[in-house]
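One structure is given here, and the rest of the page talks about it.
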Amino acid sequence: MKKLLIVANWKSNKTVREATEWLNKVLSIKYSTYAKASAGKQVLSNLEIVICPPYTLLHGFFNTKYQIPDTFKLGAQDVSPFPDGAYTGEISARMLKELDVTYVLIGHSERRKYFKEDEVMLENKVREALDVGLIPIFCIQDKTTPLPEEVKIIAYEPIFAIGSGEPDSPENANEVAKAYQERRGQETVVLYGGSVNQDNVMAFCQQANLSGVLVGGASLEPGKFSEIIHHVGKS
Ligand code: PGA
């Protein structure tokens, strides 16, 4: 059974109070869902759920009355292309590592568009992340997006599908995944992102070359996100 990744990208959303409410709801819904599943262990073992909140929420994110299953991991939405030093406003990879962050999103189209991140900067971000042991999830926008050599996990996120309610077709997403895997090796993990929700998530996860999803808008609502976890966990 292939392992599936569900990555929640909160973007610039949620205060500490809102995030605490979200976590408490998601963890309570999840437990009741799993309690009803007959093969509880199996339900958890094929899944990894990565929450990428804003930087302000990373410290103590999993500090809750609920026990956090190993299935849940923390991700950052970005990382500095520089090491520690005189780079006002930047958060270095080393700072993230200390906060139990496992993954880091790099190259999201919103970063490329609004913050003018180019290929050289993105390569530096990948290098900084890998130097401290963070795992980059590198976002590509189409079949031609350049990919730094060391990247092992890709998220295919066509710009037209982001926040539009119009996802790419699962078949086309699979084609893009296949094209990258032919170039980079079958072990390259490819996720799909762009208007994923509780109704379409399985169509993407069932594609042979896809190993999960990156979820923006639908990850903000605990009810919708729990449904996504539930569907994928059952598969
Ligand atoms: P969306 O965003 O799910 O709201 O389309 C996905 C993303 O930008 O990562």
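The values are calculated or read from the model by the stated rules, or taken from the named source; none is laboratory data. Note that the coordinates shown come from a computational prediction; the quantities given were computed from them, not determined experimentally. Glycine gets a Cβ as well: all are built from the backbone with ideal geometry, and neighbour counts include every protein chain shown. The protein model used for the area step is the full one, side chains on, heavy atoms only, and it has no ligands, DNA or RNA in it. Shrake-Rupley method; radii C 1.70, N 1.55, O 1.52, S 1.80 Å.
Here are a few things to note about the model shown:
- Selection count where residues are within 16 Å of the ligand (Cβ to nearest atom), over 13 Å from VAL190 (Cα atoms) and not polar (S, T, N, Q), scope segment 123-157: 0
- Tally of residues being open to solvent by 20 Å² or more (accessible area, probe 1.4 Å), within 14 Å of the ligand (Cβ to nearest atom) and not aliphatic (A, V, I, L, M) across segment 217-226: 3
- So GLU166, is it more than 14 Å from the chain's Cα centre (by Cα) and under 15 Å from GLY193 (Cβ atoms): yes
- For GLU166, the requirement of being assigned to a loop (DSSP other than H, G, I, E, B) and within 11 Å of the ligand (Cβ to nearest atom) is met.
- The criterion of being at pLDDT below 95 and either farther than 19 Å from GLU157 by Cα or within 19 Å of the chain's Cα centre (by Cα) (or both) does not hold for ASP78.
- Here the condition is being within 20 Å of ILE6 (Cβ to Cβ), out of contact with any Pro (no Cβ under 9 Å at 6 or more places or on another chain) and of a type in the set (D, E, K, R); of GLU166, GLU171, GLU157, GLU182, it holds for GLU157 alone.
- Scanning segment 201-229 for residues that are more than 15 Å from the chain's Cα centre (by Cα), touching a residue at least 12 places away in the same chain (Cβ under 8 Å) and outside any helix (DSSP H, G or I) yields GLN206, GLN207, ALA208, ASN209.
- Residues in segment 126-135 that are surrounded by 12 or more Cβ atoms within 10 Å (Cβ to Cβ) and either at pLDDT below 95 or touching a helix residue (DSSP H, G or I) at 6+ places or on another chain (Cβ under 8 Å) (or both): GLU128, ALA129, ASP131, VAL132, LEU134, ILE135.
- Among the candidates GLN207, GLN198, GLN186, residue that is open to solvent by 10 Å² or more (accessible area, probe 1.4 Å), of a type outside the set (Lys, Arg) and modelled with pLDDT under 95: GLN186
- Count of residues meeting criterion [open to solvent by less than 50 Å² (accessible area, probe 1.4 Å) and free of Cβ contacts under 8 Å to residues at least 12 places away in the same chain] in segment 51-108: 1
- Here the condition is being without any contact (Cβ under 8 Å) to a residue 40 or more places away in the chain, more than 11 Å from the ligand (Cβ to nearest atom) and touching a Ser or Thr at 6+ places or on another chain (Cβ under 6 Å); of GLN198, GLN181, it holds for GLN181 alone.
- Looking at LEU23, LEU58, LEU47, LEU5, just one residue is closer than 17 Å to ALA218 by Cβ and modelled with pLDDT of 95 or more, and that residue is LEU5.
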